[in-house]
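The values are calculated or read from the model by the stated rules, or taken from the named source; none is laboratory data. Since the structure is predicted, the reported quantities are computational estimates derived from the model, not experimental observations. A quick note on method: Cβ atoms are made from the backbone with ideal geometry, for glycine too, and the neighbour counts reach across all protein chains shown.
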Amino acid sequence: MKRFAVLSAILLMPLVAAAQDATLVDGDIDHGYYGGLITKVTPINGQLGFMLGAEATWVVDRQLYVGAQAIGIANEVDAVKRQSDNTPYVMWVNELGGRAGYILNSDDLVHFSAGALIGAGSLQLADRYPWTDPADVETYGGQDYYFIVEPEVAAELNVAPWMRAKVAGSYRIVNGAETEGVADDDLSGPAGALTLMFGSF
C-alpha cells in the first residue's frame, strides 16, 4: 500500500507542476515608480526642435517599465505656410503616449534600457507661440492629429537611491500628418533626450 502511495505521488507530480500558472516574473515582485523631466532635441520641418515634457513610470521587478509621457515643442519652428505679411506661421507640436520597455542590470551604476513609445500628436499653425500675448494669437486652419511610434535605447546613471539620469537616442516615426505644407517626414527623424528621474526604483 505504501509503495502504491509513493508511486501515485511520483506520477502525479508532473500534473501538479503543469497546473501551476506560468508567469513572466517568478516569486515576490518588487514594484517601483518614478516621475521624469524630459529635454529632447529632434528635427522638425528641417529645423532643430527643442521639446520639453514629463513622464510617469511604473517599474516592475527592476526590469520592466510601463508608463505615460507628454511632451511639446518649446521653441519657434517655422512652417512652410506663410502669413499675409509673408512671415511664416510657427508650428505648435504636442504629443502624448504610452511607453514600455526593459531595463538591463538596474542595480549597476551605469546600465542600459530599451523600449518604445506609442501615442498621438497634435499640430497647429499659429502666428506666434501662446506665451506671447495669448489673447492675440491667431491660428491657421484646424488642429491636425497624427500617430507616432518612437523606439529608443538609453544609458542610465544611478545618481542617488531616489534619482537617475538617462541619455536616450530614439527615432520618431510619424503617420497621418495632414496640415498644409507638412508631411509625415517633416515630423519624423532621429531624436536625442536627457531625462532626470525621481522616485523609488
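Remarks
- Qualifying residue in region 17-37 (condition: at pLDDT 95 or above, touching an Asp or Glu at 6+ places or on another chain (Cβ under 9 Å) and surrounded by fewer than 15 Cβ atoms within 10 Å (Cβ to Cβ)): yes
- Residue tally, condition surrounded by 14 or more Cβ atoms within 10 Å (Cβ to Cβ), part of a strand (DSSP E or B) and either in contact (Cβ under 8 Å) with a residue 60 or more places away in the chain or aliphatic (A, V, I, L, M) (or both), over region 41-51: 5
- Residue that is farthest from the chain's Cα centre (by Cα), among those in region 161-197 that are at positive phi and outside any strand (DSSP E or B): GLY181
- Residue that is part of a strand (DSSP E or B), among the small types (Gly, Ala, Ser) and within 22 Å of TRP162 (Cβ to Cβ), where the choices are GLY72, GLY67, GLY97: GLY67
- Residue list for region 107-131, restricted to those being under 30 Å from PRO88 (Cα atoms) and either surrounded by 15 or more Cβ atoms within 10 Å (Cβ to Cβ) or at pLDDT 95 or above (or both): GLY119, ALA120, GLY121, SER122, LEU123, GLN124, LEU125, ALA126, ASP127, ARG128, TYR129
- Considering region 147-160, and only residues there that are aliphatic (A, V, I, L, M) and within 12 Å of SER113 (Cα to Cα), the residue that is farthest from the chain's Cα centre (by Cα) turns out to be LEU157.
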